[in-house]
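Everything on this sheet refers to the single structure shown next.
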Amino acid sequence: MAYDLVAFQVSNAIGGLGFGVTAQATSLSTAFLAISGCLVVGLIISWGLALAAVAPTDTQAGEPWPLPQLGPQDDEDDGLVLVTARWSIEPVQSDTFLELAAQLRGIRRRTGATNPRLYHDPGHDDEDMETFLVGSWARA
């Protein structure tokens with residue numbers, strides 16, 4: 001993406017300089033015609049270029065977890081909340097779970113969570129614990 005941005009900025013600078021020189025040497029109308037011609041040529045040249053194929057992904061929102069019932073002294077905006085989740089995993093599926101945990105981390109970040117972590121207790125091979133912080137109970 002950085003290369004695209006640099007190429008875009010350089011082409012803007014060179015194009016602006018070139019068409020500014022054209023406008024000063026001839027007229028503004030001629031410069032606009034030259035810009036139009038370059039855009040048409042660029043369109044024709046790039047028409048056959050295909051965009052990279054992207055694997056389809058499921059973009060549907062998951063079912064939200066129910067929010068905890070707050071007591072009368074608790075306020076939704078009291079500050080950061082540490083959320084923990086325990087995942088029961090069969091030992092033969094632990095490698096698959098770890099691969100999918102990267103996607104889980106992205107899901108947590110997309111919903112506003114910070115510091116998502118996954119912990120494994122060597123004494124319990126069938127359980128992992130996930131923790132993350134949210135800004136308030138309203139966003140848990």
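Of everything in the range 78-104 that is small (Gly, Ala, Ser) and assigned to a helix (DSSP H, G or I), the residue that is nearest to the chain's Cα centre (by Cα) is 102. Of all residues in the range 79-91, none are among the hydrophobic types (A, V, I, L, M, F, W, C), surrounded by 10 or more Cβ atoms within 10 Å (Cβ to Cβ), within 30 Å of residue 4 (Cβ to Cβ) and at pLDDT 80 or above. Would you check if residue 104 is surrounded by 10 or more Cβ atoms within 10 Å (Cβ to Cβ), more than 30 Å from residue 21 (Cβ to Cβ) and modelled with pLDDT under 75? When the stated conditions are applied, residue 104 does not pass them.
The values are calculated or read from the model by the stated rules, or taken from the named source; none is laboratory data. Only a predicted model underlies this, so the values are computations on that prediction, with no experimental measurement involved. Reconstructed Cβ throughout: ideal geometry from the backbone, glycine too, with neighbour counts over all protein chains shown.
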